[in-house]
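A.B. asks: Below is a structure I'd like to ask you about.
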Amino acid sequence: MILIKNGLVKTMAGEDIENGQVLLDGGKIAAVGKEVSAPVDAQVIDAAGCIVAPGFVEGHCHIGLDEEAIGFEGDDYNEMTDPVTPQMRGIDGLNPMDEAFFDAYSHGVTTAVTGPGSANVVGGTFLAVKLCGKRVDNMVVKNPVAMKIAFGENPKRCYGASQKKMPMTRMGTAALLRELLVKAQNYREEMDAYEADPKNNKKPTYDCKLHAMLPVMRKEIPLKSHAHRADDIFTSLRIAKEFDLDITLDHCTEGHLIADELEKEGKGCLVGPTFGAKSKFELKNKCWDTPKAMVEHGLKTAIITDAPVIPLKYLPLCAGLAINAGLDEQEAWKAVTINPAVITGIADRVGSLEVGKDADVVIYKGNPLTDLQYTTKYTLINGQIVYQAE
């Protein structure tokens, strides 16, 4: 057992606890409070003068699939041979030896939702992983988490402009997605009928693309929609409604311009990457007002890095810049802990310090969201100390 005591405990499940204590046992959180009962032989970490918080959660990135510093050999996140590839699985391209993993957890990020990029209209499945380990199978929090779809410039550029094939236009992107969804809808109906009554219904011929879509069509996982521009965001919502599917709004760059309309939809918004240059036309309205606008309109909001677009270790910096633009500090903390966990369906495991959840705890000297000179003193993942400052 490990007892962390004397720190400012940010539970993200209620009020902060001054001089609080957190007890970890067997990889889980055993107790949280002002004073908890711990065995005399528990390892004690004195967090006096420090913040004790749940590990940060990144809700949308490509860590391990778009690796740092090695170029083509580490480029495994876009299968740019076919614009519709739902059968791609992020887990099969993820390299946990990517040096970005250590950089992330040594700065307090302990969980990431990662997967295929946005070259394809349908890119494949995302998964949630802990950021310390040698074998991805042992790091999984949830797999799959979502099915990646993409609107806007990227599919047009990768296929229309580069390969002179569909999609050349936004209409083409939407048409390709609808075509897949109609086929997947029919496949699901046939599969459901067969599973309900195999004697009187024929099992549909296996199709790897359509089979990969079953969790989406059965609303077991959402569509994870890459969309920056307002019209692309609305197109994604329109299609999700047509097929009665769950969806999250990822990037949502122009969300602040349409926050009143998005409020009516009530979908989770994963905002970013905002730190950095406006590298293409659809980012021209990118600004730090977006997280605040989403929160003010009652939308569950997370801040993302889209790593490696922004290195994952800078997730707390991004939250701090949102605070500088007017976002309430507690809402900023939520945006990098419990909110991304809720939006991506992993809040039963991570995102807050609550009894029964995974023992992913980080101890900081200084506030990582408001103090550029903060230090990560300890990072614990599944109750194990994986990083300790020298």
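A.B. asks: Once Lys and Arg get +1 and Asp and Glu get -1 on their Cβ, which of CYS287, LEU237, HIS251 lies farthest toward the positive end of the dipole of the chain?
C.D. replies: Value computed over the given set: LEU237.
A.B. asks: Where does the charge balance sit around THR375 when Lys and Arg score +1, Asp and Glu -1, over other residues with C-beta under 11 Å from its C-beta?
C.D. replies: Working: positive: LYS365, LYS377; negative: ASP371, GLU390.
Surrounding charge for THR375 is 0.
A.B. asks: If contacts are Cα pairs under 8 angstrom and at least 6 residues apart, what is the relative contact order of the chain in percent? Write down the numbers at each step before the final one.
C.D. replies: Working: 953 pairs, mean separation 74.9, N = 390.
19 percent.
A.B. asks: Counting other C-beta atoms within 10 Å, which of PHE102, PHE72 has the fewest, and how do the rest follow? Please report the intermediate quantities before stating the final value.
C.D. replies: Details: PHE102 15, PHE72 6.
Listing PHE102, PHE72 from fewest to most nearby Cβ atoms yields PHE72, PHE102.
A.B. asks: By how many degrees, between 0 and 90 and to the nearest 10, does the Cα long axis of helix 230-242 differ from the longest principal axis of the chain?
C.D. replies: Value to nearest ten degrees: 70.
A.B. asks: What's the local net charge at LYS156, with K and R +1, D and E -1, over the other residues with C-beta under 14 Å away? Provide the component values of the computation, followed by the final result.
C.D. replies: On the way: positive: ARG157, LYS164, LYS165, ARG170, ARG229, LYS280; negative: GLU153, ASP231, ASP232, GLU282.
The answer is +2.
A.B. asks: While we're here: Between 0 and 90 degrees, rounded to the nearest ten: what's the tilt of helix 315-324 against the longest Cα principal axis of the chain?
C.D. replies: Orientation of helix 315-324: about 90 degrees from the principal axis.
A.B. asks: Order these by the 10 Å Cβ neighbour count, fewest first: TYR387, TYR77, TYR206.
C.D. replies: TYR206, TYR387, TYR77
A.B. asks: If R0 is 45 Å, what FRET efficiency do you get for ARG218 and ILE70 from their C-beta distance, rounded to 0.05?
C.D. replies: Values: r = 38 Å, r/R0 = 0.84.
For ARG218 and ILE70, the calculated efficiency is 0.75.
A.B. asks: Could you please rank TRP288, TRP333, placing first whichever residue has the fewest other Cβ atoms within 10 Å of its Cβ?
C.D. replies: TRP288, TRP333
A.B. asks: If I build a Gaussian network model for the chain, linking alpha-carbon pairs within less than 10 angstrom, which residue out of VAL121, VAL342, VAL40 has the largest mean-square fluctuation?
C.D. replies: VAL40
A.B. asks: Put a dot 7 Å past each Cα toward the Cβ at HIS211 and ASP328; how far apart are the dots in nm?
C.D. replies: Between ASP328 and HIS211, the label points sit 4.8 nm apart.
A.B. asks: Using only Cα atoms, what Kirkwood radius does the chain have, in angstroms?
C.D. replies: On the way: mean 1/r = 0.0466 Å⁻¹.
When all Cα pairs of the chain are included, the Kirkwood radius is 21.5 Å.
A.B. asks: With only Lys, Arg, Asp and Glu charged, each at its Cβ (+1 for the first two, -1 for the last two), find how big the charge dipole of the range 56-350 is about the Cα centre; round to the nearest 20 debye. Mind showing how you got there, number by number?
C.D. replies: On the way: 35 positive and 42 negative charges, 110 e Å.
I would put it at about 520 debye.
A.B. asks: I need the semi-axes of the equivalent ellipsoid of the range 29-182: take the C-alpha gyration tensor, multiply each eigenvalue by 5, square-root it, list largest first in whole angstrom.
C.D. replies: Details: eigenvalues 319, 52, 34 Å².
Semi-axes from the Cα gyration tensor: 40, 16, 13 Å.
A.B. asks: Still on this structure, I have one more. Among GLY20, ALA128, GLY160, flag the residue with its Cα farthest along the positive direction of the charge dipole of the chain, charges on Cβ as +1 for Lys/Arg and -1 for Asp/Glu.
C.D. replies: GLY160
A.B. asks: Say the dipole of the range 51-120 comes from +1 at the beta carbon of Lys and Arg and -1 at that of Asp and Glu; which of HIS60, ILE91, TYR77 then lies farthest toward its positive end?
C.D. replies: Positive-end residue among those listed: HIS60.
A.B. asks: Taking the DSSP beta bridges in the range 56-350 as the whole, what percent of them are antiparallel, to the nearest 5? The partial results should precede the final answer.
C.D. replies: Working: 11 of 32 bridges.
The answer is about 35 percent antiparallel.
A.B. asks: Can you grab the distance from the C-alpha centre of the range 348-376 to the C-alpha centre of the range 207-240, Å, no decimals?
C.D. replies: 32 Å
A.B. asks: Could I ask something else about it? Using a Förster radius of 35 Å, what is the FRET efficiency between GLU261 and GLU18 based on their Cβ-Cβ separation? Nearest 0.05, please.
C.D. replies: On the way: r = 41 Å, r/R0 = 1.17.
Efficiency computed from Cβ-Cβ geometry: 0.30.
A.B. asks: Using unit Cβ charges (K, R positive; D, E negative) and no other charged atoms, how large, in debye to the nearest 20, is the dipole of the range 254-300 about its Cα centre?
C.D. replies: Numbers: 8 positive and 8 negative charges, 56 e Å.
The dipole of the range 254-300 has a size of about 260 debye.
A.B. asks: So for the range 121-232, averaging the separation of alpha carbon pairs under 8 Å that are six or more residues apart and normalising by length, what relative contact order in percent results? Write down the numbers at each step before the final one.
C.D. replies: Numbers: 141 pairs, mean separation 31.1, N = 112.
Computed value for the range 121-232: 28 percent relative contact order.
A.B. asks: In the neighborhood of VAL129, defined by Cβ-to-Cβ distances under 14 Å, what is the net charge if each Lys or Arg adds +1 and each Asp or Glu adds -1?
C.D. replies: Numbers: positive: ARG89, LYS130, LYS134, ARG135, LYS142, ARG349; negative: GLU58, ASP92, ASP98, ASP137, ASP358, ASP360.
Overall, the nearby charge balance is 0.
A.B. asks: Further question on the same structure: Helix 170-196: angle to the longest alpha-carbon principal axis of the chain, degrees 0 to 90, nearest 10?
C.D. replies: The helix 170-196 is inclined about 80 degrees to the chain.
Every number in this text was worked out from the coordinates using simple rules, so none of it is lab data. Not measured: the values here are computed from a predicted model. When we count neighbours, we look across all protein chains shown, and the Cβ atoms used for this are built from the backbone with ideal geometry, even at glycine.
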